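> Input: one structure, supplied below.
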């Protein structure tokens with residue numbers, strides 16, 4: 001490796017989320033395209049027919065501003081749409097309506113456990129159609145489905161502030177959670193309503209970056225970045241510079257593979273979209289949107305810990321899953337009259353792994369009451385089970401000591417199993433933690 | 001027969017049952033049959049059976065709609081559901097839209113009958129009508145002359161009695177020039193006054209949707225139908241539409257200040273050629289007529305007139321290159337090899353001027369000059385109600401006169417393009433004849449001044 005340059009994993013993320021507005025970005029077609037019969041949700045506008053004109057979706061603009069506000073961004077008092085030109089069969093107009101030099105939101109940050117990640121910009125654009133490569137009458141053909149064409153899409157770009165694969169994963173998960181809290185996108189990676197791209201290098205001064213696409217799960221984000229950093233390091237160690245290129249993550253091989261070389265920047269010939277007048281936002285308008293923001297994950301965690309005395313890590317788990325949280329809130333309401341406190345409830349909910357999709361908060365609380373009456377809280381008995389667990393799962397013990405705190409669940413699971421579910425899970429957890437830290 | 005019939009008088013006759021829509025339609029079809037082969041005016045004619053049925057139905061009504069039973073022809077840039085719409089280009093030779101442009105729909109709802117689609121310079125590119133991929137339309141007054149473009153067929157169709165009025169688009173003179181060259185009234189409304197939805201875009205920030213008629217009164221009537229906010233066009237203005245036909249009562253022009261810019265006459269131009277001497281005389285006598293009607297003539301200055309032309313020919317190709325990129329032949333239409341020379345020329349110039357590294361020098365600079373052109377007019381309108389100008393520097397050229405020299409044709413747009421850059425309203429009016437060839441003058445007004453233009457235009461033509 002060359003001297004002088006400081007080598008440090010340098011990662012920026014570009015995340016696209018489809019907004020769950022009723023209609024598409026520039027026309028009245030339904031935006032919910034998942035699983036619909038191809039080309040049944042189209043009109044002259046999203047098909048790019050001659051003469052059709054785009055009219056922006058007001059809700060999409062407001063929602064993008066909401067996302068910006070939730071990410072501490074500055075809202076541009078003046079913003080506009082631009083045309084981004086490139087040819088591809090799924091892009092019916094030959095250009096995508098996007099935003100270039102005046103995005104709706106710029107600046108801001110999202111805090112992760114290893115530091116703040118700066119937000120470069122949040123902008124609004126339209127999604128493309130979808131190509132299907134298939135066989136028709138024995139011939140290989142490519143078909144286009146325009147149901148997705150024109151669906152409102154936000155792009156959130158970070159500064160190159162991310163320095164590890166795990167931080168990238170944490171950022172992505174937190175972003176997903178924030179956007180779900182706002183209720184403006186499903187952020188479903190499997191359905192493609194949240195799409196991630198990572199720009200990865202070992203430093204800004206090295207004159208290259210590698211863009212990795214096809215990261216359709218948080219696990220792949222982590223794996224792909226780790227793989228890519230290792231691959232680039234090997235090249236750098238031979239004194240070479242990795243090639244500037246776009247690579248795709250392959251689930252099959254667990255590697256990234258070259259998609260195309262990007263030595264010169266593509267010329268998209270951006271220019272202001274003449275069909276849409278520029279937008280202006282007053283301070284009052286932005287203040288009105290700010291008022292509609294729900295309580296965001298970070299504030300909620302703090303409130304759960306401070307007001308309801310919920311353990312910090314439990315609060316994080318509850319808040320990370322919107323469904324789990326609303327289950328918790330309902331259960332808490334029902335439990336209000338009884339003797340079960342929020343801290344205990346949170347503990348049970350996190351540890352017992354109830355299937356919240358199949359259980360109602362009412363049933364959960366009554367089960368809890370039943371368990372409580374049958375519950376074994378005899379410390380000496382639980383201690384016997386804990387010792388057994390530690391002996392039976394030496395790997396879990398080792399893992400825990402190496403920092404993989406999740407390993408504890410195998411141990412708790414064992415205790416619950418031998419006690420036929422009657423052991424006080426919270427107590428058991430405490431005792432296991434103590435023994436692990438002691439030994 | 002009916003060649004002098006206006007919409008206003010036809011409506012009157014229809015309502016009095018002295019005329020039927022069926023007679024009107026039959027007469028239009030007769031004129032198309034007799035003259036279209038020679039003049040190359042319409043590219044598609046609606047099925048006769050359909051037309052006769054529509055006219056018959058109109059005849060069953062009491063003609064209470066503003067345009068009941070009136071035959072119109074649309075420029076072939078207007079999307080007409082299930083009627084072939086070519087944009088004058090072989091690329092869309094067999095394209096049939098699934099929907100009506102907003103203006104087409106509004107006119108239909110007002111009772112008008114679409115007879116057919118008019119020839120034009122392909123995609124609207126040109127001011128002579130010679131750039132049509134289907135051959136030039138010939139001037140209604142002299143078959144050796146151009147019709148003027150790009151709404152060439154629209155003008156000649158009205159002049160030859162194939163319809164009572166026609167629609168057109170004006171991006172840099174495309175309504176005013178053919179109207180002037182065929183002794184007709186051409187309206188280029190203010191940008192945003194009339195919806196562009198469904199009309200094949202040439203240069204989106206300049207395209208203005210208007211019409212060609214025999215009289216100012218007809219023009220006012222049509223605008224009262226086509227104008228107004230359209231939820232499908234975000235650039236339409238949310239301003240009330242005046243009842244234009246009712247506001248045409250003025251007889252003289254006392255108190256009206258008409259501005260005359262020396263830059264538009266023969267003074268001090270470097271790039272563009274001067275004006276034809278005989279045309280200059282006609283322009284001068286038109287001006288005298290305004291004076292006699294009581295108008296005050298004042299001098300106004302438009303120093304950015306020549307840069308306006310240069311700016312126009314950077315901005316228009318830039319937007320053209322973008323707007324034509326959807327014609328890839330993947331979903332509809334023929335492939336790109338079908339583009340004609342002028343379209344290719346504009347695509348290349350526009351692609352160049354939008355490319356990174358050239359954008360600042362061309363597109364961005366042109367946008368700045370555009371602002372200066374707007375300011376020119378703002379200042380002028382502080383001194384005058386409207387501005388008087390010629391439409392073209394010469395009478396209709398002979399067919400082929402500019403062939404092989406596209407630049408010389410561009411330069412002849414000097415009087416019309418600045419108006420589009422500033423989004424103003426303009427009305428071109430017949431001014432007389434130079435050696436039996438029709439020529440026109442135009443009145444230019446501020447945004448949304450159509451009402452004033454109609455009033456002054458009507459006095460001038462003494463309708």
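The values are calculated or read from the model by the stated rules, or taken from the named source; none is laboratory data. A quick note: this is a predicted structure, and the numbers were derived from the prediction, not measured. FYI the Cβ positions are ideal-geometry reconstructions off the backbone, even for glycines, and counts take in every protein chain you see.
> I'd like to check something: does the range A:277-285 contain any residue that is modelled with pLDDT under 90 and either closer than 30 Å to residue A:96 by Cα or outside the structural domain of residue A:45 (by TED's automatic domain parsing) (or both)?
no
> Right, another one. Could you run through the range B:1-28 and say how many residues are in a helix (DSSP H, G or I) and touching a helix residue (DSSP H, G or I) at 6+ places or on another chain (Cβ under 7 Å)?
Of the residues in the range B:1-28, 8 are in a helix (DSSP H, G or I) and touching a helix residue (DSSP H, G or I) at 6+ places or on another chain (Cβ under 7 Å).
> Output the number of residues of the range A:254-279 satisfying the condition of being in a strand (DSSP E or B) and within 14 Å of chain B (Cβ to nearest Cβ).
Step one: filter the range A:254-279 for residues in a strand (DSSP E or B), giving A:255-261, A:271-272, A:279.
Subsequent filtering for residues that are within 14 Å of chain B (Cβ to nearest Cβ) retains A:271-272, A:279.
Counting residues in the range A:254-279 that are in a strand (DSSP E or B) and within 14 Å of chain B (Cβ to nearest Cβ) gives 3.
> Collect the residues in the range B:335-384 that are in a helix (DSSP H, G or I), over 30 Å from residue B:299 (Cβ atoms), out of contact with any strand residue (DSSP E or B) (no Cβ under 7 Å at 6 or more places or on another chain) and within 10 Å of chain A (Cβ to nearest Cβ), keeping them in residue-number order.
Answer for the range B:335-384, where residues must be in a helix (DSSP H, G or I), over 30 Å from residue B:299 (Cβ atoms), out of contact with any strand residue (DSSP E or B) (no Cβ under 7 Å at 6 or more places or on another chain) and within 10 Å of chain A (Cβ to nearest Cβ): B:350, B:351, B:352, B:353, B:364.
> Please determine whether any residue of the range A:286-294 is touching a residue at least 60 places away in the same chain (Cβ under 8 Å) and either farther than 29 Å from residue A:189 by Cα or surrounded by 16 or more Cβ atoms within 10 Å (Cβ to Cβ) (or both).
Yes, the range A:286-294 contains a residue that is touching a residue at least 60 places away in the same chain (Cβ under 8 Å) and either farther than 29 Å from residue A:189 by Cα or surrounded by 16 or more Cβ atoms within 10 Å (Cβ to Cβ) (or both).
> Let me ask something additional. Tell me yes or no: at least one residue of the range A:204-218 is in contact with a helix residue (DSSP H, G or I) (Cβ under 8 Å, 6 or more places away or on another chain) and under 18 Å from residue A:115 (Cα atoms).
Within the range A:204-218, not a single residue is in contact with a helix residue (DSSP H, G or I) (Cβ under 8 Å, 6 or more places away or on another chain) and under 18 Å from residue A:115 (Cα atoms).
> While we're here: Could you say whether any residue in the range B:132-154 is more than 26 Å from residue B:33 (Cβ to Cβ), in contact with a helix residue (DSSP H, G or I) (Cβ under 8 Å, 6 or more places away or on another chain) and either more than 14 Å from chain A (Cβ to nearest Cβ) or crowded, with 24+ Cβ neighbours inside 10 Å (or both)?
No, the range B:132-154 has no match at all.
> Kindly check whether there is at least one residue in the range B:64-86 that is more than 14 Å from chain A (Cβ to nearest Cβ) and free of Cβ contacts under 8 Å to residues at least 24 places away in the same chain.
Yes, some residue in the range B:64-86 is more than 14 Å from chain A (Cβ to nearest Cβ) and free of Cβ contacts under 8 Å to residues at least 24 places away in the same chain.
> Further question on the same structure: Just to be sure, is residue A:321 modelled with pLDDT under 85, outside the structural domain of residue A:426 (by TED's automatic domain parsing) and within 19 Å of residue A:174 (Cβ to Cβ)?
Yes; evaluated as a whole, the condition is true for this residue.
> Sticking with this structure for a sec: Here are B:316, B:320, B:330, B:267: which of them is closer than 30 Å to residue A:42 by Cα, modelled with pLDDT under 95 and not assigned by TED's automatic domain parsing to the domain that holds residue B:85?
B:330
> Out of (1) modelled with pLDDT under 95; (2) part of a loop (DSSP other than H, G, I, E, B); (3) more than 14 Å from every other protein chain (Cβ to nearest Cβ), what's the single condition that is false for residue B:396?
Answer for residue B:396: the failing condition is (1).
> Filter the range A:214-253 down to the residues that are farther than 28 Å from residue A:194 by Cα, without any contact (Cβ under 8 Å) to a residue 40 or more places away in the chain and in a loop (DSSP other than H, G, I, E, B) and list them by number.
A:238, A:240, A:241 - these are the residues of the range A:214-253 that are farther than 28 Å from residue A:194 by Cα, without any contact (Cβ under 8 Å) to a residue 40 or more places away in the chain and in a loop (DSSP other than H, G, I, E, B).
> Let me confirm something: among A:57, A:72, A:39, which residue is farther than 30 Å from residue B:92 by Cβ and touching a residue at least 40 places away in the same chain (Cβ under 8 Å)? Explain how you work it out, then say what you get.
Working: A:57 fails: farther than 30 Å from residue B:92 by Cβ; A:39 fails: farther than 30 Å from residue B:92 by Cβ.
Sole residue among the options that is farther than 30 Å from residue B:92 by Cβ and touching a residue at least 40 places away in the same chain (Cβ under 8 Å): A:72.
> Are any residues in the range B:349-364 more than 15 Å from residue A:82 (Cβ to Cβ) and touching a residue at least 12 places away in the same chain (Cβ under 8 Å), and if so, which ones?
B:349, B:350, B:351, B:353, B:362
> Would you be able to say whether some residue in the range B:31-49 is assigned by TED's automatic domain parsing to the domain that holds residue B:107, over 28 Å from residue B:121 (Cα atoms) and either modelled with pLDDT under 95 or buried (at least 21 other Cβ atoms within 10 Å of the Cβ) (or both)?
No, every residue in the range B:31-49 fails to be assigned by TED's automatic domain parsing to the domain that holds residue B:107, over 28 Å from residue B:121 (Cα atoms) and either modelled with pLDDT under 95 or buried (at least 21 other Cβ atoms within 10 Å of the Cβ) (or both).
> Wholly within the range B:399-463, which helices (runs of 4 or more DSSP H) include no fewer than the required count, namely at least 1 residues that are surrounded by 20 or more Cβ atoms within 10 Å (Cβ to Cβ) and modelled with pLDDT of 95 or more?
B:417-421, B:450-461
> Tally time: how many residues in the range A:385-412 are surrounded by fewer than 16 Cβ atoms within 10 Å (Cβ to Cβ) and either at pLDDT 85 or above or in the same structural domain as residue A:346 (by TED's automatic domain parsing) (or both)?
Residues that pass the stated criteria total 7.
> Within the range B:232-245, identify whether any single residue is in contact with a helix residue (DSSP H, G or I) (Cβ under 7 Å, 6 or more places away or on another chain) and free of Cβ contacts under 8 Å to residues at least 24 places away in the same chain, and answer yes or no.
Scanning the range B:232-245, I find at least one residue that is in contact with a helix residue (DSSP H, G or I) (Cβ under 7 Å, 6 or more places away or on another chain) and free of Cβ contacts under 8 Å to residues at least 24 places away in the same chain, so the answer is yes.
> Before we move on, is residue B:332 crowded, with 19+ Cβ neighbours inside 10 Å, at the interface with chain A (Cβ under 8 Å from one of its Cβ atoms) and not in a loop (DSSP other than H, G, I, E, B)?
Against the criterion (crowded, with 19+ Cβ neighbours inside 10 Å, at the interface with chain A (Cβ under 8 Å from one of its Cβ atoms) and not in a loop (DSSP other than H, G, I, E, B)), residue B:332 does not qualify.
Yes/no matrix, rows are residues, columns are (1) facing chain B (nearest Cβ under 9 Å); (2) closer than 27 Å to residue B:102 by Cβ:
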{"site": "A:40", "(1), (2)": "no, yes"}
{"site": "A:52", "(1), (2)": "yes, yes"}
{"site": "A:59", "(1), (2)": "no, yes"}
{"site": "A:64", "(1), (2)": "no, no"}
{"site": "A:80", "(1), (2)": "no, yes"}
{"site": "A:85", "(1), (2)": "yes, yes"}
{"site": "A:88", "(1), (2)": "no, no"}
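> Might you let me know whether the range B:202-216 holds any residue that is within 14 Å of chain A (Cβ to nearest Cβ), more than 27 Å from residue B:346 (Cα to Cα) and surrounded by fewer than 21 Cβ atoms within 10 Å (Cβ to Cβ)?
Within the range B:202-216 (the criterion being within 14 Å of chain A (Cβ to nearest Cβ), more than 27 Å from residue B:346 (Cα to Cα) and surrounded by fewer than 21 Cβ atoms within 10 Å (Cβ to Cβ)), the answer is no, since none of the residues qualifies.
> Out of A:169, A:116, I need the residue that is more than 30 Å from residue A:36 (Cα to Cα), touching a helix residue (DSSP H, G or I) at 6+ places or on another chain (Cβ under 6 Å) and either assigned to a strand (DSSP E or B) or in the same structural domain as residue A:58 (by TED's automatic domain parsing) (or both). Which one?
A:169
> While we're on this one: Is one or more of the residues making up the range B:161-182 farther than 24 Å from residue B:403 by Cα and out of contact with any helix residue (DSSP H, G or I) (no Cβ under 6 Å at 6 or more places or on another chain)?
yes
> To continue, here is another question. Among the residues of the range A:23-56, write down those that are within 23 Å of residue A:123 (Cα to Cα) and in contact with a strand residue (DSSP E or B) (Cβ under 7 Å, 6 or more places away or on another chain).
Answer for the range A:23-56, where residues must be within 23 Å of residue A:123 (Cα to Cα) and in contact with a strand residue (DSSP E or B) (Cβ under 7 Å, 6 or more places away or on another chain): A:23, A:24, A:25, A:26, A:29, A:30, A:31, A:53, A:54.
> Exactly one condition in (1) touching a helix residue (DSSP H, G or I) at 6+ places or on another chain (Cβ under 6 Å); (2) under 26 Å from residue A:342 (Cα atoms) is false for residue A:385; which is it?
For residue A:385, the failing item is (2).
> Now for a separate question. Would you point out the residue of the range B:95-119, among those that are within 14 Å of chain A (Cβ to nearest Cβ), touching a residue at least 24 places away in the same chain (Cβ under 8 Å) and outside any helix (DSSP H, G or I), that is surrounded by the most Cβ atoms within 10 Å (Cβ to Cβ)?
Applying the filter and picking the extreme gives B:101.
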